[in-house]
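The values are calculated or read from the model by the stated rules, or taken from the named source; none is laboratory data. Bear in mind that the values here come from a model prediction, so they are computed numbers and not experimental data. Neighbour counts run over all protein chains shown; Cβ positions are idealised from the backbone, glycine included.
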Amino acid sequence: MAKYNLTEKREKDAAYRSLVNPLLMDELKERILDMVLIQQKYKDKDYSARRLAEDLGTNTRYISAVVNVRFHVNYTTFVNKFRVDEAMSLLSDRRYSKLNMEEISDIVGFANRQSFYASFYKFVGMTPREFKLQSLAKLPPEPKPKRKRGRKSKKDDQS
């Protein structure tokens, strides 16, 4: 049995996808990337296709059509990919090693830990914890803090 019960989705043929002007699709693609990726709206767990459509002054059908045709995924998968990429960056950075999975999941925009684990496993093929352990093991050991050399100052003698 597959982990996290992930199922492959069949591509549906929606008629409205072919009705959107290709030039408009290209323009919307750039604007969607700007909004979701550059402005990092993917970190907002409540940022839906509806809100994106409102921000871009269009409708959700156009958003859906562009994401499907230009990125070959649905809106949720599109946004979750950026979240997982961000999570991978945080999990492989020693500065964030003290954060638990719930905190990482929250930082990158997942609504709950279960969605985070399922999406992470779907894209990476391992759990976030497995990825973190594997990534941190590959890092060189942390340098030890340097000790000061020389004489003690008068201030150090008084303490």
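State all residues of segment 39-59 that are assigned to a helix (DSSP H, G or I) and either within 11 Å of the chain's Cα centre (by Cα) or modelled with pLDDT under 95 (or both); if no residue qualifies, say none.
First pass over segment 39-59, keeping only residues assigned to a helix (DSSP H, G or I): 41-43, 49-56.
The answer is LYS41, TYR42, LYS43.
Could you say whether any residue in segment 8-28 is basic (Lys, Arg) and modelled with pLDDT of 95 or more?
No, segment 8-28 has no match at all.
Output the number of the condition that ARG95 fails; it satisfies all remaining conditions of (1) farther than 15 Å from GLY109 by Cα; (2) charged (D, E, K, R); (3) touching an Asp or Glu at 6+ places or on another chain (Cβ under 9 Å).
Condition (3) is where ARG95 drops out.
Residues being within 17 Å of GLN40 (Cβ to Cβ) and small (Gly, Ala, Ser): count how many of those fall in segment 70-93.
Number of matching residues: 2.
This table checks each residue for (1) at pLDDT below 95; (2) over 17 Å from TYR42 (Cα atoms); (3) not assigned by TED's automatic domain parsing to the domain that holds MET35.
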site	(1), (2), (3)
SER64	yes, no, no
ARG95	yes, yes, yes
ASP106	no, no, yes
TYR117	no, no, yes
LEU133	yes, yes, yes
GLU142	yes, yes, yes
LYS148	yes, yes, yes
SER153	yes, yes, yes
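Scan segment 114-139 and report the pairs whose first residue is free of Cβ contacts under 8 Å to residues at least 12 places away in the same chain and whose second residue is in a helix (DSSP H, G or I) and surrounded by 13 or more Cβ atoms within 10 Å (Cβ to Cβ), with Cβ atoms within less than 7 Å and a gap of 6+ or a chain change.
Final answer for the pair search is THR127/TYR117; THR127/PHE120; THR127/TYR121.
Given (1) within 14 Å of the chain's Cα centre (by Cα); (2) not in a loop (DSSP other than H, G, I, E, B), where does GLN114 come up short, assuming only one miss?
Against the list (1) within 14 Å of the chain's Cα centre (by Cα); (2) not in a loop (DSSP other than H, G, I, E, B), GLN114 comes up short only on (1).
Considering only residues that are in contact (Cβ under 8 Å) with a residue 24 or more places away in the chain and among the aliphatic types (A, V, I, L, M), look in segment 43-67 and name the one that is nearest to LYS81 (Cα to Cα).
This residue is VAL67.
Take the conditions surrounded by 15 or more Cβ atoms within 10 Å (Cβ to Cβ) and either modelled with pLDDT of 95 or more or part of a helix (DSSP H, G or I) (or both) and apply them to VAL73. Does it pass?
no
Look through segment 72-84, keep the residues that are in contact (Cβ under 8 Å) with a residue 24 or more places away in the chain and of a type in the set (A, V, I, L, M, F, W, C), and return whichever of them is nearest to ILE38 (Cα to Cα).
Checking each candidate, the answer is PHE82.
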